[in-house]
Amino acid sequence: MSEDNAIPAGKKTDTATFGTGCFWCTEAVFQELKGVLKATSGYTGGHVANPSYEEVCTGTTGHAEALQIIYDPAVITYDELLEVFWEAHDPTSLNKQGNDVGTQYRSAIFYHNAEQKEKAEHYKAELNKSGAYDKPIVTEITGFTKFYPAEDYHQNYYNTHGSQPYCYLVIRPKVEKFEKVFKNKLKKNN
């Protein structure tokens with residue numbers, strides 16, 4: 001999906017914001033979902049205005065690498081996005097996803113309204129209660145404040161840099177797993 005695609009005027013949309021570690025990995029996943037109109041990599045949850053990637057990487061700005069997802073709620077629900085969120089990363093790993101370590105890689109849901117907060121808290125509690133994971137879920141659930149889009153070279157990263165070693169060795173296996181689990185929700189299966 002190209003980030004240049006405009007959202008049709010008058011289209012009813014909603015917004016979800018998730019921190020799942022490296023935004024390159026999960027952008028590649030969420031872009032493939034039917035009903036996701038735009039997935040933007042960026043930073044949220046911090047205390048510095050307009051942070052750069054280099055600043056966020058220091059771990060001192062308080063931001064998480066995150067995805068801002070604009071979606072059509074008539075095609076995909078927030079519940080379905082949460083289902084993908086829990087599957088797309090390890091929500092039991094505090095400030096770490098794979099080899100990426102630091103608070104900027106924390107698992108987080110930045111809710112935009114009371115309904116999103118309730119659903120996120122409910123899913124987290126139910127997953128913990130069910131024993132779906134061997135360890136407790138550490139996902140932060142906090143109110144959304146401000147989202148800063150990442151630099152242009154971070155957008156649509158996997159689709160434009162797929163042959164790079166990180167994309168091939170780290171992102172591709174995640175995308176392939178996701179495609180198997182959520183095959184009925186993919187755009188390419190229309």
statement: Selection from the range 170-190 of residues in contact with a Ser or Thr (Cβ under 9 Å, 6 or more places away or on another chain) and modelled with pLDDT of 80 or more yields none
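From Lys119, Lys129, grab the single residue that is free of Cβ contacts under 8 Å to residues at least 40 places away in the same chain, of a type in the set (D, E, K, R) and not in a loop (DSSP other than H, G, I, E, B). Reasoning before the result, please.
Working: Lys119 fails: free of Cβ contacts under 8 Å to residues at least 40 places away in the same chain.
Among Lys119, Lys129, only Lys129 is free of Cβ contacts under 8 Å to residues at least 40 places away in the same chain, of a type in the set (D, E, K, R) and not in a loop (DSSP other than H, G, I, E, B).
From the list Pro173, Pro136, exactly one residue is assigned to a loop (DSSP other than H, G, I, E, B), loosely packed, with under 13 Cβ neighbours inside 10 Å, over 15 Å from the mean Cα position of the chain (by Cα) and of a type outside the set (A, V, I, L, M). Which is it? Steps first, please.
Values: Pro173 fails: assigned to a loop (DSSP other than H, G, I, E, B).
So the residue among Pro173, Pro136 that is assigned to a loop (DSSP other than H, G, I, E, B), loosely packed, with under 13 Cβ neighbours inside 10 Å, over 15 Å from the mean Cα position of the chain (by Cα) and of a type outside the set (A, V, I, L, M) is Pro136.
Does Gly98 satisfy being without any contact (Cβ under 8 Å) to a residue 60 or more places away in the chain and out of contact with any Ser or Thr (no Cβ under 6 Å at 6 or more places or on another chain)?
Working: without any contact (Cβ under 8 Å) to a residue 60 or more places away in the chain: no; out of contact with any Ser or Thr (no Cβ under 6 Å at 6 or more places or on another chain): yes.
No; evaluated as a whole, the condition is false for this residue.
Conditions (1) buried (at least 16 other Cβ atoms within 10 Å of the Cβ); (2) outside any helix (DSSP H, G or I); (3) at pLDDT below 90; (4) not acidic (Asp, Glu), marked per residue:
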residue	(1), (2), (3), (4)
Gly19	yes, yes, no, yes
Thr26	yes, no, yes, yes
His47	no, yes, no, yes
Pro73	no, yes, no, yes
Thr92	yes, yes, no, yes
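The values are calculated or read from the model by the stated rules, or taken from the named source; none is laboratory data. In this text, all values refer to a predicted model and were calculated from it rather than measured experimentally. So basically every Cβ, Gly included, is an ideal-geometry build from the backbone, and we count neighbours across all protein chains shown.
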